[in-house]
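In what follows, a single structure is set out as structure tokens and then discussed.
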Ligand code: NDP
């Protein structure tokens, strides 16, 4: 059977990090501005610790300033807000990211709302959501931004294509819909109450899966030749029963990859598809924020 072309997000992300690193070096040489990213983590969540370490290392490898603020689990909201106020005022910091989830006693929306929208490199502030919705320049959430870059690199012009996005979260589904609408796609957003999801998915030239359910989207839901972007990151037991019994896991997407690859024209693998684009876009957003703070046009 025909098999889809793999969209190599890992390679694309490596290229993007290189371009951002080179552009940052030019910004520093010409304007004496070194883009700086501050990452704030509260508590000991092991997955969050890994994400934060990766972000810090990638930022440094790109020649940018990287500060990580590790706060204990019992940190109160006032202390966290005071740190954000200090980072907002710090001229050497252009991007601020608060790693989610925050401990239950902290109001996450109050914390995200306290970040200067022009330093909000995660793009989660309501001001940035609003800018995206009305088409003003702002900072766009990293994961959907990365998906859009892959789609444009693979397909070129997206105008007029039918896009179906499964998932309506504020961090992936909704901004993805706004971005694709901005590219003049005909956009449908599906969610847990959608009727006949398989039939809807079959109308998609572009199918973006951001559900958080392992391999939910099957091969016969894919329109032949469609482009499939799998955002999902789901841990399932290892294929090897011995390893599974020891608690070993593997990562799969929201799309049943083998089946889908038999129908799709192009598809992102998991891992190695959308995941690496997210960190690369975080650096791109930090660079963009640094340029704007200086009134310089970004050229990554
Ligand atoms: P959320 O849990 O916030 O949102 C999931 C969405 O999927 C909701 O809108 C929900 O609908 C919808 N949904 C759930 N079940 C079904 C169903 N049976 N049929 C149709 N829709 C359904 O998840 P996120 O958007 O934060 O993340 C989605 C996935 O992407 C996760 O696997 C996450 O790990 C991954 N992710 C990956 C990133 C990366 O860097 N690659 C970054 C961020 C997330 P409803 O609103 O009706 O409940």
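Out of 241, 269, 237, I need the residue that is in the same structural domain as residue 155 (by TED's automatic domain parsing) and within 16 Å of the ligand (Cβ to nearest atom). Which one?
269
Looking only at strands (runs of 3 or more DSSP E) that fall completely inside the range 186-300, which ones have 3 or more residues that are within 30 Å of residue 20 (Cα to Cα)? Talk me through it step by step, then tell me what you get.
On the way: elements: 186-190, 206-209, 227-230, 234-237, 249-252.
Ranges flagged: 206-209, 227-230.
Check residue 87 against each of (1) in contact with a strand residue (DSSP E or B) (Cβ under 8 Å, 6 or more places away or on another chain); (2) in a loop (DSSP other than H, G, I, E, B) and name the one condition it does not meet.
(2) is the only condition that residue 87 fails.
Of 122, 118, which residue is closer than 30 Å to residue 78 by Cα, in contact with a helix residue (DSSP H, G or I) (Cβ under 7 Å, 6 or more places away or on another chain) and more than 14 Å from the ligand (Cβ to nearest atom)?
Numbers: 122 fails: more than 14 Å from the ligand (Cβ to nearest atom).
Within the list 122, 118, the selection yields 118.
Each row is one residue, and each column tells you yes or no for (1) in contact (Cβ under 8 Å) with a residue 60 or more places away in the chain; (2) near the ligand (Cβ under 9 Å from one of its atoms).
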site: 155; (1), (2): yes, no
site: 182; (1), (2): no, no
site: 192; (1), (2): no, yes
site: 196; (1), (2): no, no
site: 199; (1), (2): no, no
site: 205; (1), (2): no, no
site: 211; (1), (2): no, yes
site: 218; (1), (2): no, no
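Taking the condition of being within 19 Å of the chain's Cα centre (by Cα) and away from the ligand (no atom under 14 Å from the Cβ), how many residues in the range 162-177 meet it? Break it down stepwise before answering.
The first filter runs over the range 162-177 and keeps only residues within 19 Å of the chain's Cα centre (by Cα), leaving 163-177.
Narrowing further to those that are away from the ligand (no atom under 14 Å from the Cβ): 163.
Final tally of qualifying residues: 1.
Looking only at residues in the range 32-53 that are assigned to a helix (DSSP H, G or I) and surrounded by 14 or more Cβ atoms within 10 Å (Cβ to Cβ), which one is nearest to the chain's Cα centre (by Cα)? Give the steps one after another, and end with the answer.
The initial filter retains those residues of the range 32-53 that are assigned to a helix (DSSP H, G or I), namely 46-53.
Those left that are additionally surrounded by 14 or more Cβ atoms within 10 Å (Cβ to Cβ): 48-49, 51-52.
On the way: 48: 15, 49: 17, 51: 12, 52: 14 Å.
Across the range 32-53, the extreme among qualifying residues is 51.
So residue 230 passes all but one of these: (1) farther than 23 Å from residue 47 by Cα; (2) in contact with a helix residue (DSSP H, G or I) (Cβ under 8 Å, 6 or more places away or on another chain); (3) within 15 Å of the ligand (Cβ to nearest atom); (4) free of Cβ contacts under 8 Å to residues at least 60 places away in the same chain. Which condition number does it fail?
Unmet condition: (1).
Taking residue 146 as the residue in question, decide whether it is within 18 Å of residue 20 (Cα to Cα), at pLDDT 95 or above, within 20 Å of the chain's Cα centre (by Cα) and assigned by TED's automatic domain parsing to the domain that holds residue 177.
Details: within 18 Å of residue 20 (Cα to Cα): yes; at pLDDT 95 or above: yes; within 20 Å of the chain's Cα centre (by Cα): yes; assigned by TED's automatic domain parsing to the domain that holds residue 177: yes.
Yes: the conditions hold for residue 146.
The values are calculated or read from the model by the stated rules, or taken from the named source; none is laboratory data. Everything numeric here is computed off the predicted structure, so don't read it as measured data. Don't worry about glycine lacking a Cβ; one is built from the backbone with ideal geometry, like all the others, and counts go over all protein chains shown.
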